[in-house]
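A short worksheet on the structure shown next.
The values are calculated or read from the model by the stated rules, or taken from the named source; none is laboratory data. Just so it is clear, the model here is predicted, and its values are computed rather than measured. Here the Cβ positions follow ideal geometry from the backbone for every residue, glycine too, while neighbour counts run over all protein chains shown. Keep in mind that these areas ignore ligands, DNA and RNA; they rest on the heavy atoms of the full protein, side chains included. Shrake-Rupley method; radii C 1.70, N 1.55, O 1.52, S 1.80 Å.
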Amino acid sequence: MSSHLPAQPPSKPEVMSPVGGWPQLRAAVQAGADAVFFGVEAFHARAKVGFSNEELPEIMRFLHQRGVKGYVTFNVLVFDRELREAEQQLLHLSECGVDAIIVQDVGVARLAAEAVPDLPIHGSTQMSITSAEGALLARRFGASRVVLGRELSLGDIARIRAQLDKSGSDVELETFVHGALCVSYSGQCFSSEAWGGRSANRGQCAQACRLPYDLLVDGVRRDLGDARYLLSPGDLYALHQVPELMEIGVQCLKIEGRYKDAEYVALTTAAYRQAVDDAWAGLPLSVTGQQERDLEQVYSRGLGPHFLAGTNHQTVVRGRAPRHRGVRVGTVLSVTPRGVVARLSEDLKAGDGLVFDAANWRAPEGREEGGFLYGGWQAGQPLDTLSAGQDIELRFAKGAVNPERVRPGDWLWRTQDPALDARVRPLIDAADPLHTRPLEMAFVGRVGELPELTLTDEGGRSVTVTGESVIGEARNRALDAATLREQLGKLGGTPYHLDGLTCELEGAGFLPISALNALRREATAKLTELRGQVPQRRATPLLETSSGALAEAALAVGEPRLHLLVRTPEQLDAAIAARPESITLDYLELYGLGASVQKVNEAGLSVRVASPRILKPTEQNIQKFLLSLGAELLVRSGGLLEGLQEVAQRPTLIGDFSLNAANALSSRALLALGLTRLTPTHDLNAEQVSDLAALVGPSKLEVIAYGHLPVFHTEHCVFCRFLSSGTDHTNCGHPCETHSLALRDERGRQHPVMADVGCRNTVFEGRAQSAAPHLERWLAAGLRDFRLEFVHQSAAELTEVVAAHRAYFAGPRNASELERRLAATGPGITEGSLFVPPAFAAGLPEADAFAGLTALPMM
């Protein structure tokens with residue numbers, strides 16, 4: 001354990017379980033979850049699962065009666081045309097007694113804090129919170145708890161907790177401990193948007209990270225061996241890190257998996273419940289080896305603590321397969337006419353579901369061989385037991401396995417274990433409550449008076465019931481504490497167990513056992529009813545009326561202004577020659593920026609520096625360095641924006657797409673923090689950008705008219721993983737400084753990979769996204785600030801792209817001619833996320849609909 005950690009956590013952390021339906025909900029409760037999280041109809045990031053609005057009152061009553069909190073995911077970006085519907089949903093969630101909402105959109109958080117002030121807000125992991133400043137920004141908008149990014153180490157989390165404590169903030173920390181890892185930072189993935197016309201920030205992830213890619217090193221294909229899935233991480237498994245997380249003071253341990261079945265929910269919940277209880281009691285982990293194998297068996301792409309234990313780029317992404325593997329049970333030695341001989345590393349039995357993993361020689365897209373095990377043979381004789389360490393011929397049903405597609409060296413996995421079903425059934429099928437909550441009982445019994453029984457639960461709720469018959473004189477054995485404990489403690493079939501009993505007895509009294517039982521049953525029924533009651537909460541709808549104020553929607557005037565973003569010195573020279581409104585420097589290495597800033601200044605042009613999108617606790621000096629350059633800042637990190645609030649003489653700030661401004665409320669909230677202009681999120685199509693301009697004022701927006709969509713932004717470094725044997729930046733040799741990388745997808749398109757100052761990788765869409773078809777509409781909406789962004793273009797290509805846009809704006813405005821010129825430059829163009837579907841819904845609120853919210857106070 002780390003010596004700098006507090007000796008005792010302030011409270012026992014919650015175990016929070018994922019729920020996609022009623023079977024998972026019941027499994028989580030039975031296995032001991034303190035809280036569950038789930039979606040309700042709309043506005044959540046797992047669009048295929050969840051509950052209806054009509055079910056919600058029953059769900060919350062069930063949970064509260066069992067002593068479990070229910071958190072509803074509201075973790076998507078919300079568009080302007082949906083804000084009224086979103087507010088109505090917030091009102092419904094609050095009215096039903098939801099314990100908290102988990103929110104990504106800062107505008108929605110701000111709205112909820114005002115419209116339903118008694119409904120707690122938790123900042124989602126999609127807020128990309130990786131620092132104390134990021135947590136404080138979420139707190140500013142009303143969040144009482146934040147879910148930290150899964151890319152943080154134990155040391156990072158401890159620093160965040162210490163910095164928050166030092167600042168006096170009461171914001172709680174929640175962290176994932178189990179389940180799937182996204183390769184991209186949550187909230188910063190635009191691959192689904194770029195390639196599938198669907199948004200991960202809207203609950204429609206297409207899982208492009210789970211596809212195979214070719215790796216091109218300096219333009220030449222690199223043989224990846226069995227690691228073709230080079231963006232598909234293993235699954236998080238932090239059972240052994242639970243004591244350290246508790247010592248740090250993390251308030252909630254979260255299990256990922258709302259798409260998983262009830263068996264997964266039951267097994268993971270039970271294991272982490274046990275780990276927390278052990279650590280809280282000061283005991284070593286008592287989870288058995290079999291339980292750990294069950295966790296791997298029920299669902300796993302390969303388990304490990306990954307970033308929690310520190311960065312190791314060789315292990316986060318193994319790359320062999322993107323799907324459930326289960327437990328590795330052996331290696332193929334040879335193929336026989338009737339089966340496959342394998343050396344076993346785990347015991348097997350008939351009925352096990354096995355799959356042969358041939359990633360080292362067969363195309364990863366191909367069908368895998370496998371089937372249910374019929375039995376094992378040695379020397380032509382069937383075996384009763386198939387034990388680890390033996391070389392056994394495994395046989396399957398006729399035709400189940402094609403021996404021509406199995407080779408020596410293939411890995412063997414058990415993907416299904418019938419015995420696991422038997423072990424998990426008690427948690428799934430139990431009729432009575434298995435995990436119960438503590439009760440304190442107080443019994444008052446005086447001879448000649450009616451008995452009283454008071455129950456108090458773990459939340460301090462209390463009921464008192466009075467018996468129907470007076471306590472008589474005892475003829476033989478009088479009522480005593482032992483008898484009362486025995487009878488009143490019979491709480492089978494209820495969600496309670498007796499934790500403590502106080503007795504106030506006067507006289508040698510007698511009460512029939514039946515009367516004591518009736519008293520207990522009445523008291524527990526009343527307490528259960530009380531626990532299920534919905535709390536009274538305030539509700540103040542804010543979007544019902546408009547204010548009549550139209551000033552903010554006034555159109556911008558003047559000629560279009562071009563802002564260029566460059567990433568190489570060669571591009572910079574061409575940009576200076578083009579004389580744009582401003583030049584933004586987005587270099588790999590921050591500490592070489594001083595000379596380039598000076599160069600732009602000497603040319604008499606406005607210069608900006610782009611910040612990293614992610615800042616961790618050990619990277620706080622980056623803010624000081626950026627300020628020392630004397631340049632304007634393109635702010636890409638919410639944590640940085642919060643940190644800059646304490647700077648008295650700060651430079652001009654432009655908010656970038658990564659702040660995820662998707663609607664008028666989030667845009668206004670971010671602009672109020674000192675941003676001069678703001679670039680909308682890539683989740684908006686071109687028409688929605690026009691909508692936003694009407695609602696916040698076009699002069700407040702700077703839109704990207706040309707650029708490569710950053711489809712993945714990852715902590716995982718592809719350079720380190722495949723061009724070195726190192727684990728992180730301290731021993732990788734920095735191949736990112738001497739080599740260029742690109743990923744080639746199944747369609748043959750190449751997507752460049754670049755590393756930033758924190759060694760984080762960004763994979764860019766190979767084609768440039770162009771707003772050419774929409775520029776006329778944007779100009780009519782009053783937009784005047786247009787940014788052109790470059791990744792791998794040459795100086796000549798940059799010059800041509802700028803010239804094409806200038807020719808368009810100079811007139812006559814011919815979108816087709818602009819598209820033709822851009823398509824002929826570099827790798828081509830795509831409309832990408834700006835595409836407006838033909839049936840795009842109408843319903844934009846009036847331009848003044850949100851003007852009254854501009855004065856909403858920050859939390």
Have a look at Leu450, Leu412, Leu386, Leu394 and point out the one that is closer than 30 Å to Asp480 by Cβ, of a type in the set (A, V, I, L, M), surrounded by 12 or more Cβ atoms within 10 Å (Cβ to Cβ) and modelled with pLDDT of 95 or more.
Leu450
Considering only the stretch 560-583, how many residues are within 37 Å of the chain's Cα centre (by Cα) and either outside any strand (DSSP E or B) or free of Cβ contacts under 8 Å to residues at least 24 places away in the same chain (or both)?
5
Please specify each residue of the stretch 786-803 satisfying the condition of being surrounded by fewer than 23 Cβ atoms within 10 Å (Cβ to Cβ) and in a helix (DSSP H, G or I).
Ala795, Ala796, Glu797, Thr799, Glu800, Val802, Ala803
Out of the residues in the stretch 281-291 that are assigned to a helix (DSSP H, G or I) and out of contact with any helix residue (DSSP H, G or I) (no Cβ under 7 Å at 6 or more places or on another chain), which is most open to solvent (accessible area, probe 1.4 Å)?
Gln290
Residues located in the stretch 335-354, provided they are out of contact with any Pro (no Cβ under 6 Å at 6 or more places or on another chain) and among the small types (Gly, Ala, Ser):
Gly339, Ala342, Ser345, Ala350, Gly353
Filtering the stretch 293-305 down to residues that are closer than 18 Å to Ala180 by Cβ, open to solvent by 20 Å² or more (accessible area, probe 1.4 Å) and not hydrophobic (A, V, I, L, M, F, W, C) yields Glu296, Tyr299, Arg301, Gly302, Pro305
Restricting the stretch 566-600 to residues that are among the polar types (S, T, N, Q) and under 13 Å from Glu789 (Cβ atoms), the one most open to solvent (accessible area, probe 1.4 Å) turns out to be Thr568
Subset of the stretch 602-632 (residues that are without any contact (Cβ under 8 Å) to a residue 12 or more places away in the chain and either over 29 Å from the mean Cα position of the chain (by Cα) or in a loop (DSSP other than H, G, I, E, B) (or both)):
Glu602, Gly604, Lys624, Ser628
Confirm whether Leu484 is closer than 30 Å to Asp226 by Cα and not polar (S, T, N, Q).
no
Please work out if Ala575 is in contact with a strand residue (DSSP E or B) (Cβ under 6 Å, 6 or more places away or on another chain) and either over 30 Å from Leu119 (Cα atoms) or modelled with pLDDT under 95 (or both).
yes
May I ask you to verify whether Thr524 is out of contact with any Asp or Glu (no Cβ under 7 Å at 6 or more places or on another chain), more than 30 Å from Leu671 (Cβ to Cβ), surrounded by 15 or more Cβ atoms within 10 Å (Cβ to Cβ) and at pLDDT 95 or above?
yes
Go through Leu373, Leu333, Leu344 for me and flag whichever is farther than 30 Å from Arg425 by Cβ and at pLDDT 95 or above.
Leu333
Does Thr830 satisfy the criteria of being touching a residue at least 12 places away in the same chain (Cβ under 8 Å), within 25 Å of Asp573 (Cα to Cα) and surrounded by fewer than 22 Cβ atoms within 10 Å (Cβ to Cβ)?
no
If you check Val98 against the conditions, is it outside any helix (DSSP H, G or I), in contact (Cβ under 8 Å) with a residue 40 or more places away in the chain and within 18 Å of Val534 (Cα to Cα)?
yes
Looking only at the stretch 627-643, count how many residues are surrounded by fewer than 22 Cβ atoms within 10 Å (Cβ to Cβ) and more than 14 Å from Ala132 (Cβ to Cβ).
5
Would you be able to tell me the number of residues in the stretch 635-664 that are in contact (Cβ under 8 Å) with a residue 60 or more places away in the chain and either assigned to a helix (DSSP H, G or I) or on the phi > 0 side of the Ramachandran plot (or both)?
9
Given the options Leu427, Leu479, name the one that is at pLDDT below 95, aliphatic (A, V, I, L, M), open to solvent by less than 60 Å² (accessible area, probe 1.4 Å) and assigned to a loop (DSSP other than H, G, I, E, B).
Leu479
Conditions first: (1) modelled with pLDDT under 95; (2) within 15 Å of Leu564 (Cα to Cα). Arg787 passes all but one, so which condition is the exception?
(1)
Out of (1) polar (S, T, N, Q); (2) closer than 24 Å to Thr584 by Cα; (3) free of Cβ contacts under 8 Å to residues at least 24 places away in the same chain, the one Thr730 does not meet is (2)
Hey, could you check the stretch 316-355 for residues that are part of a strand (DSSP E or B) and more than 26 Å from Ala422 (Cβ to Cβ) and say which is most open to solvent (accessible area, probe 1.4 Å)?
Arg343
Select from the stretch 548-559 the residues that are part of a loop (DSSP other than H, G, I, E, B) and exposed (fewer than 14 other Cβ atoms within 10 Å of the Cβ) and write down the one among them that is modelled with the highest pLDDT.
Glu559
Can Val265 be described as of a type in the set (Val, Ile, Thr) and either open to solvent by 20 Å² or more (accessible area, probe 1.4 Å) or part of a loop (DSSP other than H, G, I, E, B) (or both)?
no
Specify the residue that is farthest from Ala578 (Cα to Cα); the eligible residues are those in the stretch 804-821 that are aliphatic (A, V, I, L, M) and open to solvent by 40 Å² or more (accessible area, probe 1.4 Å).
Ala810
Test Leu386 against the criterion of being farther than 30 Å from Gln290 by Cα and of a type in the set (A, V, I, L, M), and give yes or no.
no
Checking His122 against (1) free of Cβ contacts under 8 Å to residues at least 12 places away in the same chain; (2) in contact with a strand residue (DSSP E or B) (Cβ under 7 Å, 6 or more places away or on another chain), the condition it does not meet:
(1)
